[in-house]
1. Within the stretch 773-790, is there a residue that is of a type outside the set (A, V, I, L, M), under 36 Å from the mean Cα position of the chain (by Cα), at pLDDT 95 or above and over 23 Å from Gly724 (Cα atoms)?
2. Could you say which residue among Lys374, Lys349 is without any contact (Cβ under 8 Å) to a residue 12 or more places away in the chain and farther than 20 Å from Val477 by Cβ?
3. Give the number of residues within the stretch 204-223 that are open to solvent by 40 Å² or more (accessible area, probe 1.4 Å) and assigned to a loop (DSSP other than H, G, I, E, B).
4. Does the stretch 416-429 contain any residue that is open to solvent by 10 Å² or more (accessible area, probe 1.4 Å) and either in contact with a helix residue (DSSP H, G or I) (Cβ under 6 Å, 6 or more places away or on another chain) or within 23 Å of Ser228 (Cβ to Cβ) (or both)?
5. Could you check Gly411 against (1) out of contact with any Lys or Arg (no Cβ under 7 Å at 6 or more places or on another chain); (2) farther than 24 Å from Ser226 by Cα; (3) open to solvent by less than 10 Å² (accessible area, probe 1.4 Å) and say which number it fails?
6. Under 30 Å from Thr498 (Cβ atoms) and either open to solvent by less than 10 Å² (accessible area, probe 1.4 Å) or at pLDDT 95 or above (or both) - does that describe any residue in the stretch 236-248?
7. Residues of the stretch 314-340 being hydrophobic (A, V, I, L, M, F, W, C) and open to solvent by 10 Å² or more (accessible area, probe 1.4 Å), which ones?
Amino acid sequence: MIRIKDNKFVLETLHTTYAFSVLKTGQLEHIYYGNKIDFSENLSEFEVLKIKREFAPGTTISYDEENFSLALEDTCLEISSTGKGDIRSPFVSVVHADGSRTSDFLYESHSVEKGKKERATLPGSYDENGNAETLVVKLKDRSYKTELTLYYVVYEDRDVIARYADLKNTGEEELKVERLLSLQLDMEDSDYEGIYFFGTWAREMQSYRTKLSNGMHVSRSAVGTSSSRANPFFMIARENTDEDMGECFGFNLIYSGNHMEIADANSYGKVRIQSGLNDEGFLFTLKEGEVLEAPEAVMCYSDSGFNLLSARLHEFVRENIVRGEWKKKERPVLLNSWEAAYFKFDENKLCKLAKKGAEAGIELFVMDDGWFGKRNDDTTSLGDWTVNKDKLPHGLDGLCSRINKYGLMFGIWVEPEMVNVKSELYEAHPDWCLENPDTPHSEGRHQRILDLTKKEVREYIIEAMSNVFSSANIEYVKWDMNRIFSDVFSVNADSANTGEIAHRYVLGLYEVMGELTKRFPKILFEGCSSGGNRFDLGILCYFPQIWASDNTDPVCRREIQEGLSYGYPLSTIGAHVSASPNHQTLRKTPMKTRAAVASFGCFGYECNLCDFSKEELDEIKKEIALYKAYRKVMQFGTFYRGGKGPAKVTSPSAVSALSNHSGNGNISEWTVVSKDKDVAVGMVMKKLALPNTQNTHYYPKGLKDEARYMFINKELEYDIRDFGDLVNTVAPIHIKQNSLILDIIAKKVKLPSEKENYTASGKLLTTAGVHLCQDYAGTGYNENVRYAQDFSAKMYIMEEI
C-alpha cells in the first residue's frame, strides 16, 4: 500500500514500512525502513521521526543561505549527487556540457500506478496478479536540463520493495553519465555488519561478515558478468543477528554485468547502502531526449533473522522473477554427459550412458560440450553450430530419437556468446569479437567473446540457436559462458562510447535470451557461466535455474549452496551427484552424502553410470526414488538453515573447521518444509568426525506447532569395508584388508543403519529438537549407533500424522 499526504510518502507491505518526505528545499529525505509502524491518516507522526535541524555541523557545507542549517552530508537522502556538500558516495554523477559535475535533483512531481510496467531495455520483476503498486517520483536538476525519475514498486504480500531509476537528458547538449545507481538506503546509525558473498571458479558464494565502520566498503564485479568474485546479493544485519533472531536487510540487483554494492559509513554515525552498475570504466553518453535505465534492485527486511529474510526473498524470486512454462513445474532428474565423457564420445557411447540412466530412474539426458564443428577439445569450433557427423552420424534428431525411446527427455549444451579463433565463424567475421585488432588479445579458455553490442551478431546467435533448438525434440538447454572479459573494445564503434560497451553487451544478451525464450517457451533453460559466474536475478528473468558451480564435491557444495540459499530459492539451484574421487578436489566422499546435498536443489547426476557396479546403481535408484517422492517439497518448499548464520571472517582460512552448527563449520543442518507444512525433509551433514563425540542434536524448523509429526530417518546400509580391520573383532576368521574374500563378504553382508522413529508435536521438534542416535565414537557399534564418518550426511523425513 502507498500512502501520500503533503509530500510525505509511506510504502507499506504486510510487515514493513518505508517512509520518506520532501524537504522544503526539494531533496527527498529518507525517514524510516524497518518493522511495520502505524501512521495516522494525516501522517503527522513524521514529525516524531524526522531529524531536527537548527545549525549545521562544523566544517560542513550549508545547502544555501536560506537553509543554512541543512548540511546534506549529515542528512539521510533517497538519492545523492555531487557538488552540493554531500561528500558521501553519490547515487548519480554526470558531466554537463560546460564541464561541471554538480547536480542538484529536486522534487518535481509524483504519481501512483497500479501494477509494474516493463522496462524498455532491461528485465525486471513482474506482477502477475495485479497486486503491486508503483510510486513514480520525478526530480529535475535545479540548474541543468536533466530529469531523474525514481520508481518504488511495492510488493505488499511479499514484503519486498523494488527500486530503479531513469535518467533523461532534456537539453540539447550531450550529457556524460559517470554513475547511475539503482538503490540508495541511508541509515541513521552505522551499527551494522555487512554480509557479502565472494569466491572464484569452484569456490562460489563464500560468505564473509564485516563491521560497517567509518569509511567505505565496496563489493564489486568488473569482469563483465555478475561474477563468482562478488555476487550482487548482500545483506546488512545487527551484530547479534543469527538465522532466527535479530534485524537484517537483504538487497539484490536484477542485472548480469558489472555491478557494485557500497556501504559508506560517515563521521556522523550514518551509513549509506547503495547498489547498481559498477562505474569503473563506465561512461554513458545521453543525447537530447535519450534515457539511461538503471537496473532494478530489490530490498527486503526481517526482524527475525536470516531465515525469515530468505523465505521472503525466495517467494519473491519464485513468484515475481522466474516466469514461463517452468515457473512452477517440477524439474526433471537429469544425467549430464560432461564428467562421464568430456569431449570423448560418440552416439553409441551416449546412448549406453542414457540407457543406464533410464534404468536408474533418470528423466532427462543432457549431451554436454563437444557435439559440434570439430570440437574435440576446448581450442576450436565455438561459433560453428553444425553437428559433428563423425560423432553423431544421424545428427541431433537421430540421437534425440534414440534417447526418447528410452523414455527420456533430451537436452543439449551450447555456448552462444563465444567463438574460438579456430572456427569458420571467426575466419569470416573477426570483427564480431570484443577485441582490438591493433593490439594483442589476452584470451580465456582459448576463446573470445562475441560483440553483442552489434545487431548483426545478436541476429546471428538468435538464428543459429533457433536452427539448433528446432532441429530435434530438444526439451532442455544448458547455456554456458566460460570466460570473463578482457581487452574490451568494439570494432568500428565510436571511440567516445567505449565506456558503454560492457553495459550494452548485457543489454544485447537480454535481447537474445528474450527472443529465444519467446520462440521456444517450452524448453527448460539452465544458465551456466563456468559454474556460478553469472548467478543473478537478471538471468533468472529468462532461465528458471542456474548451475551453481562446476565443483560437485559435496563438502564444497554444502558451502556454495548454503551461500546461495540466503538470496535464491532451491528451485533455481542446479545441483548434481558426481564421481568419487571428485574431479575438482580429488576428495572421496560417500555416495549418500553426494546425493543428500544435491537433493537440495534441481537434482541430477554427472558421472559415468556405465562404470558403476550393480550395488552402486541400486543405491542410485533408491536416491532418485526418494527425491521424486519429495521433489515438490525439495524444489518449492520453504528452506531453513540451522546455526548462527554467516561467520564473521575475512578469509576462508579464518574459519574454524571444527566449529559446530554453522554453514562454514563442522555441522550443517538444513530443513525444507512444504507450503502447507504437512511434510518436511531435513539433512544433517558432518564435515569431520570428532573423536569421542557421541551426540548430535538436530533442530527442525518451520513445522506447525499444534500438529503431530512422524519423524523418521532415511534408512541406509553400510559396507563393512568402511570399518577397516575392525571387522576382525566380530568375524569368526581373520579377514585380510583389500582381499578377495572381504570383497565377497561385503557383497553379501551389509550393516543396517540406526532407526530414528518418533512421534512428536511440531512445537516440540522445533523448540527442543531431536537427540539423534549416538554417533560412532570408537567405543562400540551396533544397530542403534549412527555411522557418521568424515563427510557423512543423514536425511530425515517429517510427515504430519
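1. Checking the stretch 773-790: not a single residue is of a type outside the set (A, V, I, L, M), under 36 Å from the mean Cα position of the chain (by Cα), at pLDDT 95 or above and over 23 Å from Gly724 (Cα atoms).
2. After applying the criteria, what remains is Lys349.
3. 3
4. no
5. (1)
6. no
7. Matches in the stretch 314-340: Trp326, Trp338, Ala340.
Quick grid of which residues meet (1) of a type in the set (Ser, Thr, Tyr); (2) over 27 Å from Ser337 (Cα atoms):
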{"site": "Lys391", "(1), (2)": "no, no"}
{"site": "Asn404", "(1), (2)": "no, no"}
{"site": "Pro416", "(1), (2)": "no, no"}
{"site": "Tyr426", "(1), (2)": "yes, yes"}
{"site": "Asp438", "(1), (2)": "no, yes"}
{"site": "Arg445", "(1), (2)": "no, no"}
{"site": "Thr453", "(1), (2)": "yes, yes"}
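The values are calculated or read from the model by the stated rules, or taken from the named source; none is laboratory data. The model shown is predicted, which means the values in this text are computed figures rather than measured ones. Cβ sites come from the backbone with ideal geometry, for glycine too, and all protein chains shown count toward neighbours. For accessibility, only protein heavy atoms count, side chains too; no ligands or nucleic acids. Shrake-Rupley method; radii C 1.70, N 1.55, O 1.52, S 1.80 Å.
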